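One structure below.
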Amino acid sequence: DTEVTQTPKHLVMGMTNKKSLKCEQHMGHRAMYWYKQKAKKPPELMFVYSYEKLSINESVPSRFSPECPNSSLLNLHLHALQPEDSALYLCASSLRTGGPYNEQFFGPGTRLTVL
Amino acid sequence: RKEVEQDPGPFNVPEGATVAFNCTYSNSASQSFFWYRQDCRKEPKLLMSVYSSGNEDGRFTAQLNRASQYISLLIRDSKLSDSATYLCVVITSGTYKYIFGTGTRLKVLA
């Protein structure tokens, strides 16, 4: 099973709402990532978890709050977002964070629209 | 200068053609290289890792030129289904962050 799943596929929220994005993998990977992708741009790294601990936060605003409840699950909690936060949010996982040829596998993404 | 650069294209080629893309990287300490393809409004999918000696997977061939700091992707006998954006990814030694190129758009025409 080389699949990363994400829910929901689409999300529309107002600027005062609180919502969560979910990501799951059952490949035994110990590194999980959140990326944000705007149209016609490459993915931008937001957070990295390694062995369920946050190891990288790319200066992401606090209205985005990641959580890794266990080695298979990754959440992204959203609160008080701005319209410019509308984007495709991608989750990825890899066997580990270090070492060469550490391929990342991406989930299908959640397309978020903030009104 | 961007850390990883790609020609954004689009490359418009007829079916059956051979097409090649290059991706240049600026950090000589870069150690791992990948090609991903991304279809419109979909996630990036790993196409192939790029090894020092070059590697081939069916119609796809990847090469690494460390002296000139670029990687290449060659697609032979292009299919309509090859139409996508091809993203080059580089990992620098000592980090584990993916550095993405901006992507090259390929359109294969019937």
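Observations
- Test: residue in region B:68-80 that is open to solvent by 10 Å² or more (accessible area, probe 1.4 Å) and under 28 Å from A:LYS9 (Cβ atoms): yes
- Filter result for the condition that a residue is within 30 Å of A:GLU58 (Cβ to Cβ) and surrounded by fewer than 20 Cβ atoms within 10 Å (Cβ to Cβ), over B:SER83, B:SER52: B:SER52
- When region B:6-47 is filtered for residues that are in a strand (DSSP E or B) and exposed (fewer than 13 other Cβ atoms within 10 Å of the Cβ), the ones remaining, listed by number, are B:PRO14, B:ALA20.
The values are calculated or read from the model by the stated rules, or taken from the named source; none is laboratory data. Just so you know, these numbers come straight off a predicted model, no measurement behind them. Every residue, glycine as well, gets a Cβ built from its backbone with ideal geometry; the counts of neighbours run over all protein chains shown. What goes into the accessible areas is simple: the full protein's heavy atoms, side chains included, and nothing from ligands, DNA or RNA. Shrake-Rupley method; radii C 1.70, N 1.55, O 1.52, S 1.80 Å.
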